[in-house]
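Encoded as structure tokens, the structure appears first; notes follow it.
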Amino acid sequence: MLGPSASLVEVSAVLEVLVPPAVDSLYFWALQVSFAGGADRGGAHVGLQWNARHRGGRAVNWGGYAPGGGLLRGTESTLASTPDDPNTRDYPWEPRRPYRLRVSPSAGLAGHWQGEVTDLATGDATVIRHLEAGGDRLVAPVVWSEVFARCDDPSVSVRWSGLEGRTAAGEVVTPRGLAVNYQARAAGGCDNTTVGLDELGVVQTTNAGRSMAGGGIVALRSLR
């Protein structure tokens, strides 16, 4: 996300799976942050997954990596996990339904950060768990799609909107635009993924003609 240089203590984004996957391959759509304050403290991602290992193929993840390698430690989630994965838990998300993903400080747990998902159709907010990452602010927020399907598998689309950050002073800030990046084919990516705008937000799509080149900027208007 592009925006002011203010020190952020909370970031959030709204995710909708517009066209769900039709194959069993893993799909992961997430809001990623890095932690700062003193030394480099690593980063983490909160998001929804289409994951055949979980009940109904649907899950939510809040996990990350320490700067020296290895997974960040965290509290045990109250959500069930069919394969008993500490980072990824069963979560029955539905297509064409908006979910707010949020990262914020964990109340009463120093050095921890809370990952949360809210079903905006019902208002139900679910704390996934708390990660022990240290730091006192969030930097370099980004939203992404990670897809392990074949490039010619049926097209899947997700929409991102409601991109926001909150400073320690309580000011709400929004990005001016999003920088577009694609994984190169030589690194395992596909040439037929693309990014575009619709009336509500930014849409990421697989198996479609590429309408926006990598390195471009999606200028954001007033979006939900």
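Read the figures in this text as sums done on the coordinates, not as results from a lab. These numbers were taken from a predicted model, which means no experiment stands behind them. Virtual Cβ from ideal backbone geometry, glycine too; neighbours counted across all protein chains shown.
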| request: Hey, can you grab everything whose amide H is under 5 Å from the amide H of Asp136? Only 5+ residues off in sequence or another chain; H modelled, so Pro and N-termini drop out. | output: Ala36, Gly37
| task | Convert each backbone phi in the stretch 178-185 into a coupling constant with the Karplus relation 6.51 cos²θ - 1.76 cosθ + 1.60 (shift: θ = phi - 60°), then list the ³J(HN,Hα) values in order as whole Hz, x for Gly and Pro. | result | 10, 7, 8, 9, 10, 6, 5, 4
| field | Cα centre as origin, Lys/Arg/Asp/Glu Cβ charges: the chain dipole, Debye | value | 260 debye
| remark: Within the stretch 51-151, DSSP-loop trypsin sites (Lys or Arg not before Pro) with at most 13 other C-beta atoms within 10 Å are Arg96, Arg150
| Over the stretch 19-145, what relative contact order in percent results from Cα pairs under 8 Å that are six or more residues apart? | 29 percent
| message | Under 5 Å between amide hydrogens, which residues at least 5 positions from Leu163 or on another chain qualify, with H placed 1.01 Å from N in the peptide plane? | response | Val14
| query | Residue separation times 0.36 nm, minus the C-alpha to C-alpha distance between Ala213 and Arg96: what's the value? | reply | 39.5 nm
| task | Could you work out how far apart the two model spin labels at Asn181 and Ala22 are, taking each label as a point 7 Å from the Cα in the direction of the beta carbon, and quote it in nm? | result | 3.1 nm
| remark: The local net charge around Pro21, scoring Lys/Arg +1 and Asp/Glu -1 for residues other than Pro21 whose Cβ lies under 11 Å from its Cβ, equals -1
| Normalised by the residues of the chain, what does the relative contact order come to in percent, with Cα pairs under 8 Å and at least six apart? | 26 percent
| request: Give the peptides 160-172, 182-194 in descending order of average Cβ contacts within 10 Å, highest first. | output: 160-172, 182-194
| How big is the Kirkwood radius of the stretch 8-180, worked out from every pair of different alpha carbons and given in Å to one decimal? | 16.4 Å
| field | Amide H within-cut-off set for Tyr91, under 5 Å, with H built and near neighbours excluded | value | Arg58, Ala59, Val60
| Got a sec to turn the phi values of the stretch 25-38 into Karplus ³J(HN,Hα) couplings, 6.51 cos²θ - 1.76 cosθ + 1.60 with θ = phi - 60°, whole Hz, x for Gly and Pro? | 5, 6, 10, 9, 10, 9, 9, 10, 9, 10, 9, 9, x, x
| message | Tell me which chymotrypsin sites (Phe, Trp or Tyr not before Pro) from the stretch 57-98 have a DSSP coil assignment and no more than 15 other beta carbons within 10 Å of their own. | response | none
| Rounded FRET efficiency, nearest 0.05, which uses the C-beta distance separating Ala169 from Asn192 and R0 of 30 Å | 0.10
| Formal net charge of residues neighbouring Tyr182 (Cβ-Cβ distance under 15 Å; K, R +1; D, E -1) | 0
| request: Tabulate in residue order the Karplus-calculated ³J(HN,Hα) for the stretch 96-101, using 6.51 cos²θ - 1.76 cosθ + 1.60 with θ = phi - 60°, rounded to whole Hz; enter x for Gly and Pro. | output: 6, 9, x, 10, 8, 9
